[in-house]
1. Please give the per residue accessible area of the chain, computed with a probe of 1.4 Å over protein heavy atoms only, in Å².
2. First check a/c for the chain, with a ≥ b ≥ c the square roots of the eigenvalues of its C-alpha gyration tensor; if it is under 1.5, answer rounded, and if not, answer prolate when a/b is larger than b/c or oblate otherwise.
3. For S14, S145, write out the residues from largest to smallest accessible area, computed with a 1.4 angstrom probe and no ligands counted.
4. Report, in debye and to the nearest 20, how large the dipole of segment 102-219 comes out about its Cα centre when Lys and Arg carry +1 and Asp and Glu carry -1 on their Cβ.
5. If I15, I119 are ordered by their accessible area, calculated over protein heavy atoms with a 1.4 Å probe, which sequence runs from highest to lowest?
6. Cα axis of helix 75-92 to longest principal axis of the chain: angle in degrees, 0 to 90, nearest 10?
7. Would you mind checking the tilt of helix 107-122 against the longest principal axis of the Cα atoms of the chain, expressed as 0 to 90 degrees and rounded to 10?
8. About the Cα centre of the chain, what is the dipole size in debye to 20, counting +1 per Lys and Arg Cβ and -1 per Asp and Glu Cβ, all else neutral?
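The values are calculated or read from the model by the stated rules, or taken from the named source; none is laboratory data. The model shown is predicted, which means the values in this text are computed figures rather than measured ones. Heads up, the Cβs are rebuilt from the backbone with ideal geometry, glycines too, and the neighbour counts pull from every protein chain shown. Quick note on the areas: whole protein, heavy atoms, side chains included, nothing else; ligands and nucleic acids left out. Shrake-Rupley method; radii C 1.70, N 1.55, O 1.52, S 1.80 Å.
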Amino acid sequence: MSYSPNRNKVILQSIVQFFVLAVLVSLPILIVRTDVLILKNGLSERSLTEYSEQILLAATVCCHLVVAYCQPACRRFLALVSGFFSVLLIRELDLFFDEAVAHGFWVYPATFVAASALIYALSNREATMKGFNAFVSNREFPLLSFGLVLLLVFSRLFGMGSLWQDTLGDGYVRVVKNMVEEGTELMAYFIILYSSARYAFSIRRAQRELPQGARPCEQ
């Protein structure tokens, strides 16, 4: 049985993606291990893990801003997506705002970004819904959704202090709970960035392959 070049290409891409994902879920372990065993910072606010999360979030925001620039028809919904990840980034930078301005100040820029994105998106609901439909129809959306579920649901539930206190009893050490929670969050951020980068790349590639002036949202 012979395989067509396209089929061989799909097989190769699947294998490559498997190994890329294997690396992505391994990096958080390496980073957390570096913090705990080498830097011995107890995964504080000034840890390699925290800095990595901030960098990954900033890169994720940039990916969606690139797509928004390339696809004006999807721009209103992508403003919501970019705003959402920007709020997460601002929250991760809470220590910076605490030291530079005042404790808890991060809430104000986060609220401003969220309100601005909502107002812009709601100013044309039809365009926003079209952008939403295109966004969820993209083949990278399931992986992005998985990353968000890891971040917003699994890491929160699995990192609950009560769970680890009940499990470890007198042997409870807070850094263990932090390793689990922060490690899972970091893995989620890697997956989110990976899917966002693939999404931006697919849109850019589709744009280059289409006639001049054609700018569909979906791939």
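1. Values: 12790 Å² over 219 residues.
Computed with neighbouring chains in place, this is 58 Å² per residue.
2. On the way: a/c = 2.39, a/b = 1.33, b/c = 1.79.
Taking the square roots of the gyration eigenvalues as a ≥ b ≥ c, the chain is oblate.
3. Values: S14 70, S145 35 Å².
Sorted by accessible area, descending: S14, S145.
4. Details: 11 positive and 9 negative charges, 113 e Å.
It comes to approximately 540 debye.
5. Working: I15 85, I119 120 Å².
Descending order: I119, I15.
6. 10 degrees
7. Approximately 20 degrees, to the nearest ten.
8. Working: 19 positive and 17 negative charges, 229 e Å.
Taking the Cα centre of the chain as origin, the dipole is about 1100 debye.
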